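The values are calculated or read from the model by the stated rules, or taken from the named source; none is laboratory data. Computed from a prediction, not measured in an experiment: that's the story for all the values here. Note: ideal-geometry Cβ built from the backbone for every residue, glycine included; neighbour counts use all protein chains shown.
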Amino acid sequence: MKIVNTSVAILLATLSVTHAMASVTVGGTRVVFDGTKKETSLSVENKDKVANLVQSWITPADAATPAKDALIITPPLFRLDAGDKNVLRIARSGLPMPEDHESMYWLNVKGIAAANENAASNSIQIAVNSRIKLIYRPAKLAGTYPEQQTQKLSWHMAGNKVVVNNPTPYYMNFATVKINGKSVESATWVGPNSDASFVLPVGIGDGKLTWRIYNDFGMAGDEHQSSI
């Protein structure tokens, strides 16, 4: 075992990891697609010193979201030179989508750096993927926001979990959920007209529950509270 560990250490020492951090960055923490418009966009920038091959794709965030083919992203694959910027455009494909509540996807952007001619022959390239939320808000909900209805959420305990019911047509993405001041770290989001459950930290009992949701700009909104 000692010989194996030594061999691994020598191997790692001879490799240089050239891209351990994202070099292709996206211009936002989320995208909200206004259903009254034909398309939306997102900027990307190459902050690396070499060209990157940029790949982008869309995946549903949960089982309630329509197939990824309902939205298309262009260009899906392109070269982005060092220091340059480009724009990704997202549009409806023509396939049906729910028009009475939001749909949520993951928008993935991956940058693969071109090989550096000056790098050692034993160097390796790492592709770094950025993933942000893409929320389609249908025309019926134009001009309205989740924050306007988040107080309609209802909460209750179920064993070692806290359950939230969302009767609204919006995705509620939680910035914080706390019970008696203690954070529920497992809290992520709850979809429209559905329930979600989150594992409670050890030792939490009934009491005061507070929460904040992220707004369309990726910032935490006002604190709301409920008793459970």
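Is at least one residue of segment 189-196 in a strand (DSSP E or B) and among the acidic types (Asp, Glu)? Give the steps one after another, and end with the answer.
Step one: of segment 189-196, the residues in a strand (DSSP E or B) are 189-190, 194-196.
Filter again for among the acidic types (Asp, Glu), leaving 195.
Looking for residues that are in a strand (DSSP E or B) and among the acidic types (Asp, Glu), one finds at least one in segment 189-196, hence yes.
Table: residues versus (1) small (Gly, Ala, Ser); (2) modelled with pLDDT under 80.
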residue	(1), (2)
78	no, no
82	yes, no
85	no, no
95	no, no
110	no, no
118	no, yes
125	no, yes
130	yes, no
Original post:
Looking at this structure, is residue 177 β-branched (Val, Ile, Thr), modelled with pLDDT of 95 or more and buried (at least 17 other Cβ atoms within 10 Å of the Cβ)?
Top reply: yes
Subject >> Selected residue (only one of 65, 36 is of a type in the set (S, T, N, Q), within 19 Å of residue 171 (Cα to Cα) and modelled with pLDDT of 95 or more) >> reply: 36
**OP:** Could you grab me the full set of residues in segment 47-68 that are part of a loop (DSSP other than H, G, I, E, B) and hydrophobic (A, V, I, L, M, F, W, C)?
**Re:** 50, 51, 61, 63, 64, 67
Subject >> Checking residue 46 against (1) more than 30 Å from residue 193 (Cβ to Cβ); (2) of a type outside the set (A, V, I, L, M, F, W, C); (3) surrounded by fewer than 14 Cβ atoms within 10 Å (Cβ to Cβ), the condition it does not meet >> reply: (3)
Original post:
Which pairs have Cβ atoms under 6 Å, sit 6 or more apart or on different chains, and link a residue in segment 178-189 that is among the β-branched types (Val, Ile, Thr) to one that is crowded, with 17+ Cβ neighbours inside 10 Å and part of a loop (DSSP other than H, G, I, E, B)?
Top reply: 179/204
**OP:** Quick one: residue 221 ticks every box in (1) within 20 Å of residue 63 (Cβ to Cβ); (2) in contact with a strand residue (DSSP E or B) (Cβ under 8 Å, 6 or more places away or on another chain); (3) not charged (D, E, K, R) except a single one, so which number is it?
**Re:** (1)
Original post:
How do the pairs read when you match residues in segment 49-67 that are closer than 17 Å to residue 31 by Cα with residues anywhere that are among the charged types (D, E, K, R), using Cβ under 8 Å and keeping only pairs 6 or more apart or on different chains?
Top reply: 56/110; 57/68; 58/68; 59/68; 60/68; 61/133
Original post:
Among the residues of segment 72-94, how many are closer than 20 Å to residue 171 by Cβ and either over 18 Å from the mean Cα position of the chain (by Cα) or not in a strand (DSSP E or B) (or both)?
Top reply: 1
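Identify, from the list 189, 211, 155, the residue that is among the aromatic types (Phe, Trp, Tyr), at pLDDT 95 or above, under 16 Å from the mean Cα position of the chain (by Cα) and on the phi < 0 side of the Ramachandran plot.
Numbers: 211 fails: under 16 Å from the mean Cα position of the chain (by Cα); 155 fails: under 16 Å from the mean Cα position of the chain (by Cα).
Testing whether each residue is among the aromatic types (Phe, Trp, Tyr), at pLDDT 95 or above, under 16 Å from the mean Cα position of the chain (by Cα) and on the phi < 0 side of the Ramachandran plot leaves just 189.
What residue, of 158, 196, is in contact (Cβ under 8 Å) with a residue 24 or more places away in the chain, surrounded by 16 or more Cβ atoms within 10 Å (Cβ to Cβ) and farther than 20 Å from residue 222 by Cα? Please lay out each step first, then the result.
Values: 158 fails: surrounded by 16 or more Cβ atoms within 10 Å (Cβ to Cβ).
The match here is 196.
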**OP:** Mind listing whichever residues of segment 26-43 are assigned to a loop (DSSP other than H, G, I, E, B) and under 30 Å from residue 193 (Cα atoms)?
**Re:** 28, 29, 35, 36, 37, 38
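Condition first: over 30 Å from residue 39 (Cβ atoms), among the β-branched types (Val, Ile, Thr) and in contact with a helix residue (DSSP H, G or I) (Cβ under 9 Å, 6 or more places away or on another chain). Now tell me which residues in segment 139-195 satisfy that. Outline the logic, then answer.
Step one: of segment 139-195, the residues over 30 Å from residue 39 (Cβ atoms) are 151-165, 167, 176-187, 195.
Next cut, among the β-branched types (Val, Ile, Thr) only: 162-164, 176-177, 179, 184.
Those that are over 30 Å from residue 39 (Cβ atoms), among the β-branched types (Val, Ile, Thr) and in contact with a helix residue (DSSP H, G or I) (Cβ under 9 Å, 6 or more places away or on another chain): none in segment 139-195.
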